[in-house]
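Inspection log for the structure reproduced underneath, given as structure tokens.
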Amino acid sequence: MPVHNLSTANLINSLPKAELHLHIEGTLEPELMMALAAKHQVTLPYSTIDDVRLAYNFDNLQSFLDLYYLGASVLRDEDDFYRLMWDYLCKCKEENVVHVEMMFDPQTHTERGIDFAVFMAGFTRAMAQAEKEWGQSSLLIMSFLRHLSERNAFDTLTAAAPYLPMITAVGLDSSELGNPPEKFTRVFAKAKELGLMRVAHAGEEGPPEYIWSALHDLDVHRIDHGVRSVEDGALMKELVSRQMPLTVCPLSNIKLCVFDHMNEHNLLTLLEHGLMVTVNADDPSYFGGYLNDNYHALAAHLPINKQHIKTLASNSFKASFLSEEKKSHWLNQISNFDAD
Ligand code: ADE
Ligand code: ZN
């Protein structure tokens, strides 16, 4: 019997949710960026925090990535990575994001001479503390930068060897166009051999063929974004029959001009075709909102009802790497919320 009867906005805020598509480097808030730039004497092309926010006007994925890598250049020591992770996990607590599967980009740091030991220690210290203090559940996805070579990705996988017990999955991100998933077929096969789960960005800016390639060549468990799947009927059927999760990021898609306006977003179309759609924040400090803001933006601009919201929250657990027991626990909790 449902026990909570809430408005749509309260339902969004109150439901337990999982977040499955979140770049930890994309949670770097301008305040922390400026503080760390001062701490390490890094010169940024911004004088004030307002300047930083004003610069966040993107035409496409690449124009965002240029600023994202620039921002990440202030992350230098273990404490910086701890602080970044801690701030995000506190946000999870505030938003009832009870489980999170976070991507990190090792090459963004190792290319600057910062070792795995530095960022892994900072990340895992914050994750352990959040788990201890309020039971926050979290895990890590090591993402390869697809604009770099296959060799570089293999070297990264080798350098990660001592940390694999702390890493659940590998992912694939950065500049999509011109860097199809098949470029990393052998790296993903090696990751699978090592017992790692697999996800990949595909069909954000890239064509449906990239989604097919992520399925066939990388043997992924989830597609990150995947909104361009609607362009290919056979692909839609395949995604439905596999119940292949799509980790859709509405505010990101608007900021990066994948859709012109939220009322043109195809999330509801995907959901109503029977796809396993989830809602996520991607890079919240760059795109104007954390997870609940993404749900609120959808509810404000699309004909979304409370049942849709419950389905999206339920999908976030179904599509996660949690155990069946933990999934059942959270699905049960969600069923206690009224959708009338
Ligand atoms: N890296 C961080 N955010 C990304 C996105 N939305 N797409 C590709 N690479 C990314
Ligand atoms: Zn992403």
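Number of residues in region 199-217 that are over 18 Å from the mean Cα position of the chain (by Cα) and either among the hydroxyl-bearing types (Ser, Thr, Tyr) or within 16 Å of ligand 1 (Cβ to nearest atom) (or both) equals 3. For region 257-268, residues that are open to solvent by less than 30 Å² (accessible area, probe 1.4 Å) and either touching a residue at least 40 places away in the same chain (Cβ under 8 Å) or not in a loop (DSSP other than H, G, I, E, B) (or both) total 3.
Is at least one residue of region 33-51 open to solvent by 50 Å² or more (accessible area, probe 1.4 Å) and closer than 22 Å to Cys249 by Cβ? So far as region 33-51 goes, no, none of its residues is open to solvent by 50 Å² or more (accessible area, probe 1.4 Å) and closer than 22 Å to Cys249 by Cβ. Residues that are buried (at least 17 other Cβ atoms within 10 Å of the Cβ), away from ligand 2 (no atom under 16 Å from the Cβ) and of a type in the set (Val, Ile, Thr) within region 169-187 comprise just one, Val187. The sole residue among Ser328, Ser323 that is over 22 Å from the mean Cα position of the chain (by Cα) and either open to solvent by 20 Å² or more (accessible area, probe 1.4 Å) or aromatic (Phe, Trp, Tyr) (or both) is Ser328.
Among the residues examined, Pro165 does not qualify as surrounded by 20 or more Cβ atoms within 10 Å (Cβ to Cβ) and either free of Cβ contacts under 8 Å to residues at least 12 places away in the same chain or in contact with a Leu (Cβ under 7 Å, 6 or more places away or on another chain) (or both). Annotation note: Cβ proximity below 9 Å between a residue of region 222-235 that is at negative phi and within 16 Å of ligand 1 (Cβ to nearest atom) and a residue that is hydroxyl-bearing (Ser, Thr, Tyr) and open to solvent by less than 60 Å² (accessible area, probe 1.4 Å) (sequence gap 6+ or interchain) occurs for Arg222/Thr247; Arg222/Thr278; Ile223/Ser229; Ile223/Thr247; Asp224/Thr247; Arg228/Tyr210.
Could you grab me the full set of residues in region 26-74 that are in a helix (DSSP H, G or I), acidic (Asp, Glu) and farther than 21 Å from Leu177 by Cβ? Once the filter is applied, which keeps residues that are in a helix (DSSP H, G or I), acidic (Asp, Glu) and farther than 21 Å from Leu177 by Cβ, region 26-74 yields Glu31, Asp50, Asp51. Against the condition within 21 Å of the chain's Cα centre (by Cα), within 16 Å of ligand 1 (Cβ to nearest atom) and among the small types (Gly, Ala, Ser), how does Gly178 come out, does it pass? Taking the combined requirement at face value, the residue does not satisfy it.
Of the residues making up region 53-76, none is closer than 16 Å to Gly289 by Cα, surrounded by 22 or more Cβ atoms within 10 Å (Cβ to Cβ) and away from ligand 1 (no atom under 16 Å from the Cβ). Filtered by the rule that a residue be aromatic (Phe, Trp, Tyr) and in a loop (DSSP other than H, G, I, E, B), region 269-312 gives a lone residue, Tyr290.
The values are calculated or read from the model by the stated rules, or taken from the named source; none is laboratory data. Model, not experiment: these values are computed from the prediction. Virtual Cβ from ideal backbone geometry, glycine too; neighbours counted across all protein chains shown. Note: accessible area is taken over every heavy atom of the protein model, side chains too, but ligands, DNA and RNA are not part of it. Shrake-Rupley method; radii C 1.70, N 1.55, O 1.52, S 1.80 Å.
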